[in-house]
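Undergrad: Below: one structure in structure tokens.
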Amino acid sequence: STIKRMQKLKLMTNICYLDTLFYKSNKVNAFYIPLTLRDYFKENQTLKKINTEKQTINIIGALGSMFATGSRLGFNYLINEIFPIIDDQIKRYNLVINFYGRGYSKKDINIISSNSSCKFYGFVEDIDKEVNKNSIALFFNNVSNYTGTYTRVPYLMSSGICIIAHRNLEKSVPELVHGENILLGETPAEISALIIQTLSNPSLVERIGRN
């Protein structure tokens, strides 16, 4: 089996803390690699400001391939659980929720396009340029028992973006601390409240993004 083959390894590294614990429990010499961030967008971080009166607040609604399980779960959670709560509230703000990546169905695109607060991009040639337009990112790939670690997390954090995610994410990446370098909620109501809070609190968005 796969586990038996891995037990023969001298060392196996993993970027997901939960996976590391699983392998260790099965007598695999697994080692967890903590989250490491580099300031790839350092110049942009100092310029990433939000002015709720004059400037459009750009939010990443989804980033990645919808063919991937985590991305699909996260997208469905946003559309089915979060949007019904925040839809009326966000209309008072000058904001756009942007959707990037491959694999969106026609139904997905129609849902996005039918909401005046959303914009569909799909695949883009220069994702760095697009990411830097945004100050907040919504990330719900870990909402279910399908847990994992995603390279999009350190990528977004290194860009100076404030991530709002489901609390399950900290189980896979224990370096994430709510209120310090990320905003985490347990329920749709909690997560929705965090989203609304960031829209009216630019200093919070900037502080989380810088950490």
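Undergrad: Of all the residues that make up region 191-210, how many are under 17 Å from GLU170 (Cα atoms) and either of a type in the set (A, V, I, L, M, F, W, C) or loosely packed, with under 14 Cβ neighbours inside 10 Å (or both)?
TA: 3
Undergrad: Follow-up question, since we're still on this one. What residue, among those in region 57-74 that are touching a residue at least 40 places away in the same chain (Cβ under 8 Å) and not in a strand (DSSP E or B), is farthest from ILE90 (Cα to Cα)?
TA: Per the stated criteria, the residue is THR69.
Undergrad: Specify the residue that is nearest to LEU176 (Cα to Cα); the eligible residues are those in region 1-31 that are part of a helix (DSSP H, G or I) and of a type in the set (Ser, Thr, Tyr).
TA: It comes out as TYR17.
Undergrad: Residue check: is ILE182 within 19 Å of ARG72 (Cβ to Cβ) and out of contact with any Gly (no Cβ under 8 Å at 6 or more places or on another chain)?
TA: no
Undergrad: Take the conditions open to solvent by 30 Å² or more (accessible area, probe 1.4 Å), of a type in the set (Gly, Ala, Ser) and either in contact with a helix residue (DSSP H, G or I) (Cβ under 9 Å, 6 or more places away or on another chain) or at pLDDT below 95 (or both) and apply them to SER144. Does it pass?
TA: Here the answer is yes, as SER144 does meet what is asked.
Undergrad: Next up: Output the number of residues of region 167-193 satisfying the condition of being under 30 Å from LEU21 (Cα atoms) and either part of a helix (DSSP H, G or I) or among the polar types (S, T, N, Q) (or both).
TA: Final tally of qualifying residues: 10.
Undergrad: Can you find even one residue in region 168-181 that is open to solvent by 50 Å² or more (accessible area, probe 1.4 Å), under 12 Å from the mean Cα position of the chain (by Cα) and either β-branched (Val, Ile, Thr) or modelled with pLDDT of 95 or more (or both)?
TA: no
Undergrad: Considering region 104-130 alone, what residues qualify as being among the aromatic types (Phe, Trp, Tyr) and not in a strand (DSSP E or B)?
TA: Scanning region 104-130 gives TYR104, PHE123.
Undergrad: I would also like to ask the following. Taking interchain pairs and intrachain pairs at least six residues apart, which have beta carbon atoms under 7 angstrom, with the first residue in region 123-134 and open to solvent by 40 Å² or more (accessible area, probe 1.4 Å) and at pLDDT 90 or above and the second basic (Lys, Arg) and in a loop (DSSP other than H, G, I, E, B)?
TA: Pairs found: PHE123/ARG102.
Undergrad: Here is a follow-up. Just to check your reading of the model, which residue among LYS119, LYS107, LYS133 is among the basic types (Lys, Arg) and within 15 Å of ASN76 (Cα to Cα)?
TA: LYS107
Undergrad: Taking only pairs six or more apart or across chains, which ones have beta-carbon atoms under 7 Å, a first residue in region 149-164 that is on the phi > 0 side of the Ramachandran plot, and a second residue that is outside any helix (DSSP H, G or I)?
TA: GLY160/PHE41; GLY160/LYS48
Undergrad: Please work out if ARG102 is within 13 Å of LEU63 (Cα to Cα), basic (Lys, Arg) and either out of contact with any Lys or Arg (no Cβ under 7 Å at 6 or more places or on another chain) or open to solvent by 60 Å² or more (accessible area, probe 1.4 Å) (or both).
TA: Taking the combined requirement at face value, the residue satisfies it.
Undergrad: Return the total of residues in region 75-101 being in a loop (DSSP other than H, G, I, E, B) and either modelled with pLDDT under 95 or touching a helix residue (DSSP H, G or I) at 6+ places or on another chain (Cβ under 6 Å) (or both).
TA: Going through region 75-101 one residue at a time, the tally reaches 4.
The values are calculated or read from the model by the stated rules, or taken from the named source; none is laboratory data. All of these numbers come straight from a predicted model, not from anything done at the bench. Here the Cβ is made from the backbone with ideal geometry for all residues, glycine too, and neighbour counts use every protein chain on show. Calculation scope for accessible area: heavy atoms of the full protein, side chains included, ligands and nucleic acids excluded. Shrake-Rupley method; radii C 1.70, N 1.55, O 1.52, S 1.80 Å.
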